[in-house]
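Notes follow once the structure below has been shown.
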Amino acid sequence: MNELKTNVLYFGDNLEILRNHIPDNSIDLIYLDPPFNSKKDYNILFKESSGVESEAQIKAFTDTWHWTQIAEDIYHDIVVNGPLKVGKLIGALHDAIGNNDVMAYLVMMTARLIELHRVLKSTGSLYLHCDPTASHYLKLVLDQIFGPANFRREIIWSMETSSGFKSQANMWIRGHDTILMYKKGKNYNFYRQFLPLDERTVRRYDKVDDEGRRYKIYYERGKEPRIVYLDKSKGRPVTDVWTDIISFQTVNRGPEYLGYPTQKPLALLERIIQASSNEGDIVLDPFCGCGTAVVAAQKLNRRWVGIDITHLAINLMRNRLKDSFGIKAEVIGEPKDLAGAKSLALEKPDGRYQFQYWSLGLIGARPLGEKKKGADKGIDGVIQFIDGAGGKPKRVIVQVKSGHVGANAIRELKAVAASEAMGVFITLEPPTGPMKVEAVDAGYYHSPVYNKDYPKIQILTIEELFAGKMVDMPPQAQTNVTFAKAPKISKKEGEQLSTGI
Ligand SMILES: C[S@@+](CC[C@H](N)C(=O)[O-])C[C@H]1O[C@@H](n2cnc3c(N)ncnc32)[C@H](O)[C@@H]1O
């Protein structure tokens with residue numbers, strides 16, 4: 001295996017990427033937030049507004065969490081080749097639970113957790129984000145893989161859920177996620193984190209010395225009383241119940257929310273990373289979605305590795321890292337030539353969508369996702385720009401075709417683009433003569449700011465994009481679209497705020 005590459009995103013199945021690209025004992029901190037084993041969560045996540053399951057997500061989730069031949073094969077592999085204790089547990093659970101979705105989920109997670117344990121340094125820790133539908137099973141598995149003595153904490157992330165759809169349930173309102181924390185070895189990194197003191201505690205510092213400093217007398221059994229100054233207090237050490245970080249499940253989501261359904265708040269990842277790693281360390285998120293862990297790692301001057309199985313997530317992360325820090329992330333596992341692009345488009349069952357998300361990324365377009373409504377129906381992606389007084393955003397709309405194309409497709413794009421600034425047609429197959437004529441016939445978009453004409457309809461082939469051709473348009477100053485633009489983030493300066501114990 002080659003040396004570990006850092007500050008990269010991998011497209012693909014994390015099991016395969018872990019096995020082929022991530023060396024033993026190379027990672028300092030792992031955070032994983034896999035899809036939960038909850039039918040309800042799937043439905044919220046992966047059904048379009050019509051209630052039809054989103055094809056693009058089917059590969060990632062259905063294959064992974066149903067009892068298929070792959071699950072059966074991995075089950076055998078764990079029992080036969082896995083660590084003995086883990087094989088025993090999985091065999092016993094299989095006896096008890098049977099061949100169903102829960103068991104498929106556990107088998108798939110177990111195979112990945114064995115690899116994650118392998119790649120973690122002895123000073124490293126793993127944080128597994130889950131919910132009550134799976135946490136009890138996963139803890140059994142983690143106890144076998146890491147050893148029960150290496151279990152550190154069950155963190156309860158308590159969320160404000162008194163509003164929003166979750167508060168409608170005629171039941172105790174579900175108000176928390178569970179994060180299981182394990183260390184690998186005896187000496188592991190941990191730095192306590194602190195919250196501001198609460199008012200009641202502050203009031204106890206009720207004396208003031210000659211210099212105006214507030215203090216209290218602290219009594220400890222068997223010791224002399226001592227003076228404790230308020231301005232010396234680090235605050236309240238954070239416990240294993242976290243109530244101060246607001247989830248995106250609430251109504252008021254704020255500018256940080258990009259629109260990715262399972263997006264976690266940066267504050268949550270920053271806390272984990274600051275507590276369990278040092279600057280320069282390597283943070284791995286093998287299910288990284290829209291990349292909250294990698295963004296938090298970058299902000300806190302850590303190195304990072306992110307893996308996701310959908311081009312939608314990879315594309316979002318690429319945009320997020322660019323918008324937040326101005327960095328162009330390297331993505332490993334994307335098509336690198338025409339043949340690779342063709343085989344991506346042919347992949348079953350959702351190659352068409354994967355191709356779409358990937359190729360939108362080539363021109364910096366943002367995917368509209370799968371919930372296209374009304375006028376946006378025929379649009380796959382958008383590039384926004386500001387051009388002219390008033391700053392009202394204009395759109396370059398993008399259509400992507402991986403299959404056969406003809407002049408009709410350009411006529412349709414012209415109709416949709418009529419009320420927009422420009423239209424771009426990305427195609428895997430070369431355009432026909434009549435297609436080119438249709439495109440030229442659309443005329444120009446005139447930029448008042450740059451006093452320049454840009455072809456209103458542009459056809460770009462994948463081959464041309466590989467050769468570096470880009471959309472001919474006014475310079476971008478993008479604004480929000482379906483998946484919002486991430487706010488700029490300044491990297492943290494200075495040293496660790498908290499102290500190690
Ligand atoms: C719950 S989301 C993670 C959200 C993330 N914590 C964030 O803040 O955006 C789970 C992610 O895992 C990805 N995924 C599912 N199965 C995978 C696999 N086998 N390999 C890699 N990624 C996978 C999905 O595409 C999805 O983006």
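Where a number appears in this text, it was derived from the coordinates with a stated rule and is not lab data. Since this is a predicted model, take the numbers as computed values, not measurements. No Cβ is skipped: glycine too gets one built from the backbone with ideal geometry, and neighbour counts run over all protein chains shown.
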> In nanometres, what is the gap between the two model label sites at residue 192 and residue 84, each 7 Å from Cα along Cα-to-Cβ?
Replying inline: 4.1 nm
> Using the count of nearby Cβ atoms within 10 Å as a rough guide to exposure, how do 234, 377 rank from fewest to most?
Replying inline: 377, 234
>> Could you tell me the ratio Rg/Rh of region 281-361? Both radii from Cα atoms, Rh via Kirkwood.
In response: 1.01
>> What does DSSP give for the chain in terms of the percent of beta bridges that are antiparallel, rounded to the nearest 5?
In response: 55 percent
>> Along the Cα→Cβ direction, 7 angstrom out, place labels at residue 342 and residue 231. What is the inter-label distance in nm?
In response: 7.3 nm
> Ranked by Cβ crowding within 10 angstrom, fewest neighbours first, how are 171, 181 ordered?
Replying inline: 171, 181
> Hull surface divided by four, with the convex hull built on the Cα atoms of region 338-466: how many nm²?
Replying inline: 8.2 nm²
> Given H placed 1.01 Å from N in the peptide plane, which residues other than close sequence neighbours of residue 460 have an amide H under 5 Å from its amide H?
Replying inline: 425, 426, 427
> Any idea which of 79, 27, 490 is furthest toward the positive side of the dipole for the chain, if Lys and Arg beta-carbons carry +1 and Asp and Glu beta-carbons -1?
Replying inline: 490
> Using the 10 angstrom Cβ neighbour count as an exposure proxy, how do 117, 66 rank, fewest first?
Replying inline: 66, 117
> Semi-axes of region 201-313's equivalent ellipsoid from the Cα gyration tensor, sqrt of 5 times each eigenvalue, largest first, rounded to whole Å?
Replying inline: 41, 17, 12
> Under unit Cβ charges (Lys, Arg +1; Asp, Glu -1), what dipole magnitude, rounded to 20 debye, does region 195-237 have relative to its Cα centre?
Replying inline: 240 debye
> Per residue Cα convex hull volume for region 195-237, in cubic angstrom?
Replying inline: 83 Å³
> Roughly how big is the chain's charge dipole about its Cα centre, with Cβ charges of +1 (Lys, Arg) and -1 (Asp, Glu), in debye to the nearest 20?
Replying inline: 1340 debye
>> Which chymotrypsin sites (Phe, Trp or Tyr not before Pro) in region 176-240 sit in a loop by DSSP (not H, G, I, E or B) and have at most 11 other Cβ atoms within 10 Å of their own Cβ?
In response: 219
>> Given a Förster distance of 41 Å, report the FRET efficiency between residue 95 and residue 19 from their Cβ-Cβ distance, rounded to the nearest 0.05.
In response: 0.90
>> Sort 331-344, 295-308, 275-288 by packing, meaning the average of other beta carbons within 10 Å per residue, with the highest value first.
In response: 295-308, 275-288, 331-344
> Quick one: Karplus J couplings for region 304-315, per residue in order, coefficients 6.51, -1.76, 1.60, θ = phi - 60°, nearest Hz, x for Gly and Pro?
Replying inline: 8, 9, x, 10, 8, 9, 10, 5, 4, 5, 4, 5
>> At 0.36 nm per residue, and after removing the present C-alpha to C-alpha distance, how many nm does the segment from residue 429 to residue 493 gain when stretched out fully?
In response: 18.2 nm
> Using 7 Å Cα-to-Cβ label points, what is the residue 418/residue 238 separation (nm, one decimal)?
Replying inline: 5.5 nm
> Beyond 34 Å, what percent of the Cα pairs of the chain remain?
Replying inline: 44 percent
> Does anyone have the angle between helix 407-417 and the longest principal axis of the chain? Alpha-carbon axes, 0 to 90°, nearest 10?
Replying inline: 60 degrees
> How long is the gain from residue 221 to residue 207 if the chain were fully straight, where each residue apart is worth 0.36 nm and the alpha carbon distance is subtracted?
Replying inline: 2.9 nm
